[in-house]
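The structure under discussion appears below in the form of structure tokens.
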């Protein structure tokens, strides 16, 4: 793979990376009000949810969306190509607990900033998404 020309090209590497970190239950394009969370995952072993917003260049837009996703997920990251990650303001992300994943041209992912567990997560939203990932009907 030479570069990332489509946002969707980030999905498989991010999904594989999240799987390796224990987020075995996964879903793409999860509706959250007027937003669509690009990646949502659940780790039963860690009892954690993760939401990841993918963007090729507009990392500030990803950051804005990530702030909203803290309402429905324990951990929230933005994932961008490595070149874009060099332009991201780490102080801004860290101040809000948002993590950063850089995706190399070869598809390898590296966490640049670890997400901090959200203190504004709404457990009703979180539970609904966990149930959806488990294949259960919404409660």
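The values are calculated or read from the model by the stated rules, or taken from the named source; none is laboratory data. Keep in mind that this is a model prediction, so the values were computed, not measured. Every residue, glycine as well, gets a Cβ built from its backbone with ideal geometry; the counts of neighbours run over all protein chains shown.
Can you pull out the residues in the range 95-105 that are within 15 Å of the chain's Cα centre (by Cα) and part of a helix (DSSP H, G or I)?
96
Any chance you could count how many residues in the range 105-124 are at pLDDT 95 or above and under 20 Å from residue 10 (Cα atoms)?
8
Out of 85, 73, which single residue is in contact with a helix residue (DSSP H, G or I) (Cβ under 9 Å, 6 or more places away or on another chain), over 19 Å from residue 40 (Cβ atoms) and crowded, with 20+ Cβ neighbours inside 10 Å?
None of the others qualify; the one that does is 85.
Just to be sure, is residue 29 in contact with a strand residue (DSSP E or B) (Cβ under 8 Å, 6 or more places away or on another chain) and free of Cβ contacts under 8 Å to residues at least 12 places away in the same chain?
Answer is yes for this residue.
All but one of (1) under 13 Å from the mean Cα position of the chain (by Cα); (2) under 16 Å from residue 116 (Cα atoms) hold for residue 47; which doesn't?
Single failed check for residue 47: (1).
Given the options 92, 67, 71, name the one that is in a loop (DSSP other than H, G, I, E, B), over 18 Å from residue 21 (Cα atoms) and modelled with pLDDT of 95 or more.
Only one candidate passes the filter, namely 71.
Could you list, in sequence order, the residues of the range 18-57 that are in a helix (DSSP H, G or I) and crowded, with 20+ Cβ neighbours inside 10 Å?
Result: 18, single match.
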